[in-house]
């Protein structure tokens, strides 16, 4: 298995970066080539990272502690999304459903803090996101809040969880709790869901019958081994990214063993990089 010294999005191999379909504009912001305000976040360094699940590829972190990064949905037909992962809960909370939403929210923060500067003008000339007047109007109405996305016709039907308010219709692929949508206790997409995608205050016992890794009484590592032996990789990946609220659950050592086992069976160079990056931060 190949070794990559730091699998974070600002240092990941071009192969993995391209697999998310990200543009040079996204790379420029993540890597710090364009210095956008980050609302308390700083670019990830190997020394600053907290433990995190394999589904997360972090690129920024803060002292909350939480990390901002891409949430990988491997082996299933749901697109990746950009989340903040709160370590104390722990919970992956959707911040942006696509690259454009992420870059627009960074632009709101930049304009709120600094206005339309020559540096921003140069960035927008290279990577057009929106006309100046629309950016300024979004900031006038909403400050640096991601609620400014509502002014963009291209984003109104695909708003991320972070922007959801009572009465909105969420069309994404993340579970949504009643704290966001009045009248909906739990809205979840079809297919498989992992435990870290659930708001800790939200539960749906019925799901545990079809997704046993969501059952707090499951022996999570043992369930993972069974699923892996049966070649059920999607379900094994969901199990790797579920906290195991009962006993026993995951610890770093057993999770590392599980990732190594999965990588040796898949023999997928891209997945090898994911495994090596996680292992580097969880020795």
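The conditions of being modelled with pLDDT of 90 or more and either crowded, with 18+ Cβ neighbours inside 10 Å or within 21 Å of residue 81 (Cβ to Cβ) (or both) are met by residue 135. Considering only residues that are loosely packed, with under 12 Cβ neighbours inside 10 Å and in a loop (DSSP other than H, G, I, E, B), look in the stretch 138-174 and name the one that is modelled with the highest pLDDT. Within the stretch 138-174, the match that is modelled with the highest pLDDT is 153. The number of residues in the stretch 114-131 that are over 15 Å from residue 34 (Cα atoms) and surrounded by 13 or more Cβ atoms within 10 Å (Cβ to Cβ) comes to 1. Only one of the numbered conditions (1) without any contact (Cβ under 8 Å) to a residue 60 or more places away in the chain; (2) surrounded by fewer than 21 Cβ atoms within 10 Å (Cβ to Cβ) is not met by residue 68, and that is (2).
If the condition is being outside any loop (DSSP other than H, G, I, E, B) and under 13 Å from residue 91 (Cα atoms), then the stretch 47-68 contributes 56, 66, 67, 68. Exactly one residue out of 250, 237 is closer than 23 Å to residue 91 by Cα, without any contact (Cβ under 8 Å) to a residue 60 or more places away in the chain and surrounded by 14 or more Cβ atoms within 10 Å (Cβ to Cβ): that is 250. Do we have residue 109 as more than 18 Å from residue 57 (Cα to Cα) and without any contact (Cβ under 8 Å) to a residue 60 or more places away in the chain here? Here the answer is no, as residue 109 does not meet what is asked.
All told, residue 272 meets the bar of being within 25 Å of residue 59 (Cβ to Cβ) and either in a helix (DSSP H, G or I) or out of contact with any helix residue (DSSP H, G or I) (no Cβ under 7 Å at 6 or more places or on another chain) (or both). Tallying residues that are at pLDDT 85 or above, outside any loop (DSSP other than H, G, I, E, B) and more than 20 Å from the chain's Cα centre (by Cα) within the stretch 175-212 yields 1.
Whether a residue is outside any helix (DSSP H, G or I), over 24 Å from residue 50 (Cα atoms) and in contact with a helix residue (DSSP H, G or I) (Cβ under 6 Å, 6 or more places away or on another chain) was assessed, and residue 218 passes this test.
The values are calculated or read from the model by the stated rules, or taken from the named source; none is laboratory data. Since we're looking at a predicted model, the values are computed, not measured. Glycine also receives a Cβ, built like all others from the backbone with ideal geometry; neighbour counts cover every protein chain displayed.
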